Amino acid sequence: MPDTIVVVDDDMMSLSLSKRVFDKAGLQGIYFSSGKEAVAFFDGRVIPDLILLDIHMPELNGFEVLKELKAAPLYRNIPVVFLTGDEDVKTETAGLHAGAADFIRKPFAAEVLLKRVRNIIELNRLHHDMSNEIRIKTEKLSRAYIQIVEALAASVDAKDRYTHGHSSRVAAYSREIAKRVGYSEEEQDKIYMMGLLHDVGKIGIQDAIINKPSRLTEEEYAMIKTHPVVGAEILKKIQDIPELVVGARWHHERYDGRGYPDGLEGDNIPEVARIIAVADTYDAMTSNRSYRGYLPQEKVRAEIERCKGSQFDPRFADIMLVMIDEDRDYTLKED
């Protein structure tokens, strides 16, 4: 298909010349003599490859038309070239700041107009193709990174022979809470990663302690309590995602300040760590242990309610309670 160019110009001689140039070159042109007509046309039926836009027009000038285009998702990335007889540098600067791709001076030579139009369309097409390629490669890298993190989380979970998939469930619950709070998708992805790696410090804990079926001694419990600091030390080496440290170090802090390792209280605990704390405790109660199976749903709900405001941030505990109430078939648990 030939490239489509929209020309908006109240100068009929200029409009006629543009039509002759584009017809001769085999390009598809759509022509308007006012900005108001052009804006009415931009309703999604036709997506042009380029828009030539006169600046000085009655009713709607070129800047006003450009503003309308930039506000419309379908048209904001189409290159707009201003047609102008002005030699004013301020006008040109203002046009570029407003989002114009270029300026073409009037009166213009036919060959110059055609060459500039084709160059701009080709550059925009190359930019679009490169952006898509970068996006695809970035998505592939992101998927690969998540797979690596999931594999690492699975290796941590494998140390506990009684619990399977703990980290992935905590990550999923944390992401759902974050979503309901109003976090962006990017922020939800980050808290998912933080949830996956919140227990990575258990790599440094002896398997015999993690899998001990009887009550832990004081020394063994003290060893278990080191895993947040160990995890933070491991994850701080991943400098591109410094937030990972937050989930690992502070997911055992309590809202009342009686948690560990730093005894942080209330809003001094990072928000994402408060979210992960609720998700982590919920999964601990709904997972099988060496000394018990997962707890009944009503008992889990009662415990979350009881610890609201003491162990948990009330806002995130309330969201977890809603999730429990919605889970009528009790699917949010270890299989």
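Given the rule -39500 (n - 2.57) for each run of at least 4 DSSP H residues, summed and divided by the residues of the chain, what is its mean residue ellipticity at 222 nm, to the nearest 500 deg cm²/dmol? The helix contribution divided over the chain gives -17000 deg cm²/dmol. The order of Ile241, Ile5, going from fewest to most other C-beta atoms within 10 Å of their C-beta, is Ile241, Ile5.
Given their separation in residues at 0.36 nm each and the Cα-Cα distance between them, Lys67 and Ile203 gain 43.4 nm when the chain is fully extended. Lys-Lys pairs in the stretch 4-131 that are eight or more residues apart or on separate chains and whose Cα atoms lie under 22 Å of each other come to 12.
Inter-part distance, the stretch 316-330 to the stretch 167-200, computed on C-alpha centroids, equals 16 Å. Put simply, when 249-260, 276-287, 208-219, 16-27 are sorted by average Cβ atoms within 10 angstrom per residue, most first, you get 276-287, 249-260, 16-27, 208-219. For the chain, the longest principal axis of the C-alpha atoms and the axis of helix 89-98 are separated by about 40°. When only alpha carbons are used to place a centre, the stretch 217-275 and the stretch 1-68 end up 60 Å from one another. Once you list every other residue whose beta carbon is under 15 Å from the beta carbon of Ala72, what net charge do they have if Lys and Arg are +1 and Asp and Glu are -1? Surrounding charge for Ala72 is +1. Farthest towards the positive end of the charge dipole of the chain, among the residues Ile47, Val300, Ala98, is the Cα of Val300, using unit charges on the Cβ of Lys, Arg, Asp and Glu.
Rounded to the nearest angstrom and listed largest first, the equivalent-ellipsoid semi-axes of the stretch 4-131 from its Cα gyration tensor are 18, 18, 16. Simple spin-label estimate for Ala25 and Glu122 gives 1.1 nm between the two label positions (7 Å along the Cα-to-Cβ direction from each Cα). Which label belongs to the value computed from this structure, given these candidates for Cα extents along the principal axes in Å: [x] 108, 64, 44; [y] 92, 38, 33; [z] 82, 52, 36? Label [y] holds the value from this structure. In a GNM of the chain with a 10 Å cut-off on Cα contacts, which of Glu150, Glu139, Glu68 has the highest mean-square fluctuation? Most flexible of the set in this elastic network: Glu68.
Per-residue Cβ neighbour counts within 10 Å put Asp318, Asp54 in the sequence Asp318, Asp54, beginning with the fewest.
Every number in this text was worked out from the coordinates using simple rules, so none of it is lab data. The shown structure was predicted, so the numbers you read here are calculated from the model rather than taken from an experiment. When we count neighbours, we look across all protein chains shown, and the Cβ atoms used for this are built from the backbone with ideal geometry, even at glycine.
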